Amino acid sequence: MIIVKSREEIELMRESALIVSKTLGMLASEVKEGVTTLHLDKLAETFIRDHGAVPSFLGLYGFPNSLCMSPNAQVVHGIPNNTPLVSGDIISIDCGAFKNGFHGDHAYTFEVGEVAPETKKLLQVTKESLYVGIREFKAGNRVEDVGNAIQKYTESHGYGVVRELVGHGLGQKMHEDPEMPNYGKKGRGKLFVEGMVVALEPMINQGTRNIKQLKDGWTILTADGKPSAHFEHDVALVDGKPELLSTFAYIYKALGIESNEEDEFRKVPLVV
């Protein structure tokens, strides 16, 4: 069952989402060669708590940390550890924060040092596909309209779209209806309704779409060992159109990147 949010609840969710956005922005300056993912995890937990929230992932289904940290061929759900990052790595950082009764949940894949051109392209296309999908989250459309748009865009570049892991509704629970796959056929799935909030998150592999899981019970890897990229935004359906609750602007500010990619999904310009 889709749980519709009021305008007031959507604003509370925006606050939670922006705590995640600010956490990722803080981490953007810390992701560098020689740093361990466990160190980044501790920084994030402190930052989230200092902003009046609690880490959504810590203890969720038994997960042991505050961040899912997934480098290179890891798709998602990687557990932070003491292995230092090295130049050429990419790393998906997925973060959640719970405040005022609602979750924020989004992710960004960072580059470490000098990354191979073909890996940079994977990141670029995957992030672009996120916005391709967001454009289809609108009144009159259905769940698989979003997935179909993401699938067509990424497969046109020769990439593999993970099937077993999907985006999801978001609210007082981390995972609500509906599931939001990154593949599908137009016109299928649940109809979008005003006040829905979803976390859209393309998980795109450079090679095969097939995956495997480590014995830790969490970490998901590409079956062929090639890199995977992951980007995620929280989006509300407001006045029949998609409205971003999260932002990559804090990341871009930290990294010195100029971008207007989010402007079309905001009624009011975001002040960082």
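The values are calculated or read from the model by the stated rules, or taken from the named source; none is laboratory data. In this text the structure is predicted, and so the values were computed from the model without any measurement. All Cβ positions, glycine included, derive from the backbone under ideal geometry; neighbour counts span all protein chains shown. Accessible surface is based on the protein model in full, side chains and every heavy atom, while ligands, DNA and RNA are left aside. Shrake-Rupley method; radii C 1.70, N 1.55, O 1.52, S 1.80 Å.
I'd like to know if region 92-109 contains one or more residues that are on the phi > 0 side of the Ramachandran plot and touching a helix residue (DSSP H, G or I) at 6+ places or on another chain (Cβ under 8 Å).
Yes, because at least one residue in region 92-109 is on the phi > 0 side of the Ramachandran plot and touching a helix residue (DSSP H, G or I) at 6+ places or on another chain (Cβ under 8 Å).
Taking Leu130 as meeting all but one of (1) crowded, with 21+ Cβ neighbours inside 10 Å; (2) among the aliphatic types (A, V, I, L, M); (3) without any contact (Cβ under 8 Å) to a residue 24 or more places away in the chain, write down the number of the exception.
Checking Leu130 against (1) crowded, with 21+ Cβ neighbours inside 10 Å; (2) among the aliphatic types (A, V, I, L, M); (3) without any contact (Cβ under 8 Å) to a residue 24 or more places away in the chain, the one that fails is (3).
Here is a list of conditions, (1) touching a Lys or Arg at 6+ places or on another chain (Cβ under 9 Å); (2) open to solvent by 10 Å² or more (accessible area, probe 1.4 Å); (3) closer than 26 Å to Lys5 by Cβ; (4) not aromatic (Phe, Trp, Tyr), and Ile211 meets all of them except one; can you say which number that is?
Every listed condition holds for Ile211 apart from (3).
Residues in region 76-94: is at least one open to solvent by 50 Å² or more (accessible area, probe 1.4 Å), of a type outside the set (Gly, Ala, Ser) and closer than 16 Å to Glu201 by Cβ?
yes
Counting only residues that are assigned to a loop (DSSP other than H, G, I, E, B), crowded, with 16+ Cβ neighbours inside 10 Å and basic (Lys, Arg), how many does region 1-37 have?
1
Could you grab me the full set of residues in region 214-229 that are surrounded by 24 or more Cβ atoms within 10 Å (Cβ to Cβ) and out of contact with any helix residue (DSSP H, G or I) (no Cβ under 7 Å at 6 or more places or on another chain)?
Ser228
Answer yes or no: is there a residue in region 259-269 that is among the small types (Gly, Ala, Ser), assigned to a loop (DSSP other than H, G, I, E, B) and open to solvent by 10 Å² or more (accessible area, probe 1.4 Å).
yes
Of all strands (runs of 3 or more DSSP E) completely enclosed by region 159-233, which ones contain at least 2 residues that are acidic (Asp, Glu) and in contact (Cβ under 8 Å) with a residue 24 or more places away in the chain?
Ranges flagged: 176-180.
Tell me which residues, restricted to region 1-19, are of a type in the set (Asp, Glu) and within 15 Å of His106 (Cβ to Cβ).
Glu15
Read through the list (1) outside any helix (DSSP H, G or I); (2) under 27 Å from Lys22 (Cβ atoms); (3) small (Gly, Ala, Ser), then give the number of the only condition that Ala254 fails.
Among (1) outside any helix (DSSP H, G or I); (2) under 27 Å from Lys22 (Cβ atoms); (3) small (Gly, Ala, Ser), the lone unmet condition for Ala254 is (1).
Residue under question is Thr46, and the condition is that it be out of contact with any Pro (no Cβ under 7 Å at 6 or more places or on another chain), β-branched (Val, Ile, Thr), without any contact (Cβ under 8 Å) to a residue 12 or more places away in the chain and more than 23 Å from Gly256 (Cα to Cα); does it hold?
For Thr46, the condition - out of contact with any Pro (no Cβ under 7 Å at 6 or more places or on another chain), β-branched (Val, Ile, Thr), without any contact (Cβ under 8 Å) to a residue 12 or more places away in the chain and more than 23 Å from Gly256 (Cα to Cα) - is met.
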